[in-house]
Amino acid sequence: MTISFTYVKESYLFNKKTFIYPGLIESSKQADDLTPIWTIQVTDREASICQGRAGPSVMSSIIEGVHKDLAQFTYQGKLTNGGFDGTRSTWAFIDFDGQRYDWMAGMMQNCWKLEDAQGATIAQYIGMSRDYKIRGTLVLQAKVNEALIALIHLTTKMLRYN
């Protein structure tokens, strides 16, 4: 079972919103007539994900560290954290059930694989496209709960290349 999502940057020049659409979208024009299922808003030290274009916030994060390499996530009053793990060269986070996940970079730093503690692939993020508004594609390869889906989406914004 795989589920795909496409990340499309909002058209305004200085806006930091990314819309998440279900499925694979090859051009941002295709997204014009679609409604996003989530929106990620990023400011200098904060990021949040909400339902639809401007629905209620699902999860928020505070980005910390000199190099913006640490983050604290809040979901329904629960806290967890993530950050760059220099010993493993991964971007790791702990979900709200206490499980560790690691984003592992590919050779070009634009393809990432999310693994659980047992080494199973949970998701893949490909951050390249011919269309400059398409920020990337996420493919979930395992069944996960809503909190983990939101956490996966939000952590894609923390990866080095982004």
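The values are calculated or read from the model by the stated rules, or taken from the named source; none is laboratory data. Treat the numbers as computed from the prediction; the structure is a model and nothing was measured. Cβ: placed from backbone, ideal geometry, glycine included. Neighbour counts: every protein chain shown. Ligands, DNA and RNA are stripped out before the accessible areas are found, and what is left, the full protein with its side chains, is counted by its heavy atoms. Shrake-Rupley method; radii C 1.70, N 1.55, O 1.52, S 1.80 Å.
Annotations for the structure displayed:
- Straight-line reach from residue 29: taking Cα to Cα under 22 Å and skipping same-chain neighbours fewer than 8 places apart, the lysines in range are 9, 16, 17, 133.
- Tilt relative to the chain, helix 146-156 - C-alpha long axis, 0 to 90 degrees, to 10: 80 degrees
- Contour excess over end-to-end distance, with Cα ends at residue 94 and residue 37 and 0.36 nm allotted per residue: 18.1 nm
- You can think of it this way: the chain between residue 72 and residue 4 has 21.9 nm of extra reach, that is 0.36 nm per residue less the Cα-Cα gap.
- Under a Gaussian network description of the chain, with springs only between Cα atoms under 10 Å, the residue in 101, 132, 21 that fluctuates furthest is 132.
- Segment 54-124 - percent of accessible surface contributed by carbon and sulfur, probe 1.4 Å: 53 percent
- Estimated 222 nm signal from helices in the chain, with DSSP H stretches of n ≥ 4 weighted -39500 (n - 2.57), rounded to 500: -2500 deg cm²/dmol
- Solvent exposure of the chain, expressed per residue, is 54 Å² of accessible area, with all protein chains present and a 1.4 angstrom probe.
- Placing pseudo-labels 7 Å out from each Cα toward the beta carbon at residue 113 and residue 139 gives an inter-label distance of 1.2 nm.
- When the chain is treated as a GNM with alpha-carbon contacts under 10 Å, the residue of 113, 29, 16 showing the greatest mean-square fluctuation is 29.
- Cα centroid separation - segment 97-162 against segment 14-50, whole Å: 15 Å
- Percentage relative contact order, the chain, counting C-alpha pairs under 8 Å, at least six apart: 20 percent
- Shape of the chain from the C-alpha gyration tensor: rounded (a/c under 1.5, with a ≥ b ≥ c the square roots of its eigenvalues).
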